[in-house]
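Notes follow once the structure below has been shown.
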Amino acid sequence: AFREQLEEKRRRAQLPEGVRYLVCADPPGPRIGNGGSTLHALQCLEEQFGDQWTSFTVLLIHSGGCSQRLPSASALGKIFSALPLGEPLLQMLELKLAMYLDFPRHMKPGVLVTCADDIELYSTGPTEAITFDKPGFTALAHPSELALGTTHGVFVLDPSSFSGQGALQYGSCSRFLHKPDVQTMQQSGAVCVRELCPQLSTPGDRGSASQCVYTDSVFYMDQGTARRLLLFYKQLGSLGCEIDAYGDFLQALGPGATPDYTTNTGNVCREEPGLVGVRQQLFSLLQGTPLNVIVLNNSQFYHIGTAQEYLFHFTAGSTLGFELGLQPVAFSIVPDRTRSLGQLSIMQSILEPGCVIGPGSVLEYSRIGPEVCVGRGSIVSGCCIDFSAHIPPGCLLSSVSVTVPHGVQFVTMAFGVGDDLKQHVQSLSDIHCLQFFEASLPECLHLWGMEPSQQLFSSEDTQLGLWTARIFPVCSTRSESVRVSLSMLNSVQNRSAFNLSGFQLLSVQEMLTCKDVEDMLKFRSQIYDEICLQRQKEKSDF
């Protein structure tokens, strides 16, 4: 039934009618995190609809932020990421709407919060429905390996509160842990016997004492709770720090919650002066609010927010690919030889005969010429490569249209898929810690004829990292921008000089500030039209 819903969406190629849509940009100023964005979105709802919004059932999807762990999605947002499925392609937004299609009819007025880079697939009985009708917060809980729990939220469940049995159970949570280590999970009573998590078991291990935890994904808050959070935000006036909708909201809930987390900034990329104070105020506001859980014992949570996860789920024959029916070639023109290969993902792209695509690679919205070799495990997005080129294995290439004083120009970011774009240092003396394609940044700068300086970075403070490094050349054509960025990579790999002194250089941070979305979509539309013409020609020839 789920695949039929996706197919219907594909045929209609439009969003559901009869629904209000509201797009809310974060307010100008410092980044406020998905928690701050949730509060701001509540304020936008009130400004747009007045008191009427309190009678709405709201689906609030965060579009994806800066996407530093998957920078090919940074310019247009993770929520508009393509999926290798359908003709034309489905996007993450459409999948989200299909997944939650049945929720509103079993939901009291309130707000359902989800992120753009996760997928929840589940199965319940034919007469069972997931219901969001309790006061406070209600969260979906999925059985997971302990290792997954260390990077997500984990529920400490109250077994005595459970009702229902089998695939769907309702209960309460005594405490929520945010990215805990294994020892904390064990000491807090969050670890369950694997026998209670049948989909994690393998044949022959029934009765073993293997363990699992229940991790988070989507959560709902009733209208009363949403109004309290909105009032808090309005009284605050402005938010000068990043807060997390999961870590900073849910950790305050349940009878076992303590304020200890409010001063723990270990999981924070950047600690702003007001963060601890805002957390403490949120804890005081939400303390005592119920945290209900809907335990989906026959479910799976998939996260595709990093380059490694993206490659794995789209190319490595993962369970997600099987369950959704993901295709190795989706809405593309490719040579027959490439079409027969496995372990790759090609989406709305045009590949000419003669090109070679390595296994484990993803290509989207790109034109690839006959003399191009893409190394294994690479990501190519929005690129035009019409020259002889070798893209090294494990490379991420993504072209961005930018508006500069000379008009529309092009920049292609190039990284290793394992490069850490969130890492930053405080001073120039420490930039040797920054790794670009397995070489230190100072080594790379030397090869490119550049000197380390404060002007090298676009950040106005001490956030010195690959994200803010002005190292990517601005070019007059999309193709030339790819050529120059590949030359940069080749110079690092071969330890040979490639001088960048004659180019205007931008950081990824600056690319996003001056991106030209209209031109990027125009390039995608050109590929779309060419594929449609080819499809029509094939039908007429047949």
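The values are calculated or read from the model by the stated rules, or taken from the named source; none is laboratory data. Predicted model only: the values in this text are computed from it and were never measured. Every residue, glycine among them, receives a Cβ derived from its backbone with ideal geometry; neighbour counts consider all protein chains shown. Note: accessible area is taken over every heavy atom of the protein model, side chains too, but ligands, DNA and RNA are not part of it. Shrake-Rupley method; radii C 1.70, N 1.55, O 1.52, S 1.80 Å.
Among 178, 406, 53, which residue has its Cα furthest toward the positive end of the charge dipole of the chain, with +1 on Lys/Arg Cβ and -1 on Asp/Glu Cβ? Among 178, 406, 53, the one farthest towards the positive end of the dipole of the chain is 53. The Rg/Rh ratio of segment 101-260, with Rg taken over Cα atoms and Rh as the Kirkwood radius over Cα pairs, comes to 0.97. Each Lys and Arg Cβ is given +1 and each Asp and Glu Cβ -1; about its Cα centre, the chain then shows a dipole of about 480 debye. In the full protein context, the chain carries 44 Å² of accessible surface per residue, based on a 1.4 Å probe and ignoring ligands, DNA and RNA. Karplus-derived 3J(HN,Hα) values for segment 389-406, using 6.51 cos²θ - 1.76 cosθ + 1.60 with θ = phi - 60°, are 8, 10, 8, x, x, x, 9, 10, 10, 8, 8, 10, 7, 10, 9, 10, x, 8 Hz; glycine and proline are entered as x. Take every pair of alpha-carbon atoms less than 8 Å apart whose residues are at least six positions apart; their mean separation over the length of the chain yields a relative contact order of 13 percent.
Quick one: net charge around residue 348, please, counting Lys, Arg +1 and Asp, Glu -1 for every other residue with C-beta under 13 Å from its C-beta. Net local charge, residue 348 excluded: -1.
The solvent-accessible area of residue 161, taken with every protein chain present and a 1.4 Å probe, is close to 40 Å². For segment 328-530, dividing the convex hull volume of the Cα atoms by the residue count gives 111 Å³ per residue. Please report how far the C-alpha centroid of segment 212-240 lies from that of segment 481-542, rounded to the nearest whole angstrom. A separation of 39 Å, based on Cα centres.
Projected onto their three principal axes, the Cα atoms of segment 206-264 cover extents of 55, 28, 21 Å, largest first.
In terms of distances greater than 23 angstrom between alpha carbons, the cross-link table entries 96/537; 179/422; 78/522; 78/134; 515/537 yield 96/537; 78/134; 515/537. Alpha-carbon geometry of segment 412-541: the Rg and the Dmax are 18.1, 65 Å, given in that order. One equal scatterer on each Cα of segment 1-155, no solvent, Debye formula: the resulting log10 I(q)/I(0) at q = 0.20 Å⁻¹ is -1.68. The convex hull defined by the C-alpha atoms of the chain has an orientation-averaged projected area of 27.1 nm². Overall, the accessible surface of segment 328-530 at a probe of 1.4 angstrom is composed of carbon and sulfur to the extent of 50 percent.
Take the Cα radius of gyration of segment 398-487 and divide it by 2.2 N^0.38 Å, N being the number of residues; the result is 1.10.
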